[in-house]
1. Looking only at 40, 152, 182, which one moves most when the chain is put into a Gaussian network model with springs between Cα atoms under 10 Å?
2. Please report 325, 312 as a ranked list, fewest other C-beta atoms within 10 angstrom at the top and most at the bottom.
3. Determine Rg/Rh for the chain; Rg is computed over alpha-carbon atoms and Rh is the Kirkwood hydrodynamic estimate from the same atoms.
4. Cross-link partners among lysines for residue 277, C-alpha distance below 18 Å, same-chain residues fewer than 8 apart left out?
5. Roughly how many debye, to the nearest 20, is the charge dipole of the chain about its Cα centre, given +1 on each Lys and Arg Cβ, -1 on each Asp and Glu Cβ, and no other charges?
6. What is the dipole size for the range 82-168, taken about its Cα centre, with +1 at each Lys and Arg Cβ and -1 at each Asp and Glu Cβ, in debye to the nearest 20?
7. Can you give the Kirkwood hydrodynamic radius for the range 106-200, in Å, rounded to one decimal and based on Cα pairs?
8. Please rank 33, 289, 215, fewest neighbouring Cβ atoms within 10 Å first, as an exposure proxy.
Amino acid sequence: MEFHQQTPRSSSFDPTEKEKELRAESSSWNTGHVEDAKPGDIPVLDLTEYFTTGSVQSLQRIAAELKIACEEVGFFSIIGHQVPQREISQMFSAVQQFHALPLEIKNQLKMDRPDWPVGGVGYMPVKNRKLPTRDRPNLNEAFIVKCDNVLGMDDNQWPQEQSLPGFRAIVERYANTMKTLGQRMMPIYANALDMPAAFFAEAFVSPLYRLRMSHYPANLAASDQDFGIAPHVDTTFCTILAQDQPGLTIFSERRRVWINAPALTDAFIVNSGELLKQWSNDRFLSVKHFANNNLGDKSRYSIPFFFNANPDYVMSCIESCCGPDNPAKYPPISYNQSQAVAQGE
């Protein structure tokens, strides 16, 4: 959900109304002109030294880079993340195998079907209109799992083991790896916001996360107005994206132009989202982006990991981000009171 700098602090928050505002705003964005990224457009952060040594000096150095990236760009790539390439490759292979299943099997796992008690998990077919909800359909299909302090992997929908041997085990391992990666990055975010390294620890004990396994079939676009995923901002604290080939376009706040994001080898793309933007009192950006039409003759796959605080953790304005001359713009609020409402969870 998009918030404006002029938003005053309020004791109430209407997430449904904010979602309506975002839909209206995103439909007004002019995406007609897109340029290829130039060197430095999307910063590259190397986590090797900090993840290897854990030293205060290495934390401060990488946090200074993240601070610039989140205040000026909103997107950055990370290398040295210590996620084995073999595990990433296995995950992409598993995603490809899932989407190669007959549609009849995938439709048995449809999201929000009446006989499944958990919403927001399962299969979304091509031309879906959810996540984000927009007027034009998204030209992709996706399989989504989510976990939090209440929901576990058993609460998600899964294909039968005989239909896709080993799929669930691979997905669970990757989700746990990404959860760990997100938690390991929290001291960097804290330091970048001039807070103690352990500032976010309590908030991410049982984080809510959503893992989306997306497939963009080739040659589906009907017009230039179609998108793989419609323009939007993420509602997350941060999103960690793996992609097998380029297909992401972001709005450069520095250059005020849409740019195609490259797909770097052995790297994830990370972006901050609306929850972190709100939590930091608009100090960190939440950047507009979309997934392109897949006009090529080869399928494209992407695996975003949407990472959030514990769903019932109340996020009050970070004290380093507000003061007498910069009052908090948003009331204390949890994910369950905000984004979960708008997304029907």
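1. Highest fluctuation of the listed residues: 40.
2. On the way: 325 5, 312 15.
Ordered from fewest to most neighbouring Cβ atoms within 10 Å, 325, 312 come out as 325, 312.
3. Numbers: Rg = 19.2 Å, Rh = 20.5 Å.
Across the chain, the Cα-based Rg/Rh ratio is 0.94.
4. 18, 67, 288, 329
5. Values: 32 positive and 40 negative charges, 78 e Å.
Magnitude of the dipole: close to 380 debye.
6. Working: 11 positive and 10 negative charges, 83 e Å.
The calculation lands at about 400 debye.
7. On the way: mean 1/r = 0.0636 Å⁻¹.
Computed over the range 106-200, the radius equals 15.7 Å.
8. Numbers: 33 7, 289 23, 215 20.
Lowest count first: 33, 215, 289.
The numbers here are math on the coordinates, done by the rules we state, and not lab data. Note that this is a predicted model, so its numbers are computed, not measured. Counting neighbours? That spans all protein chains shown, and the Cβs are built from the backbone with ideal geometry, glycine included.
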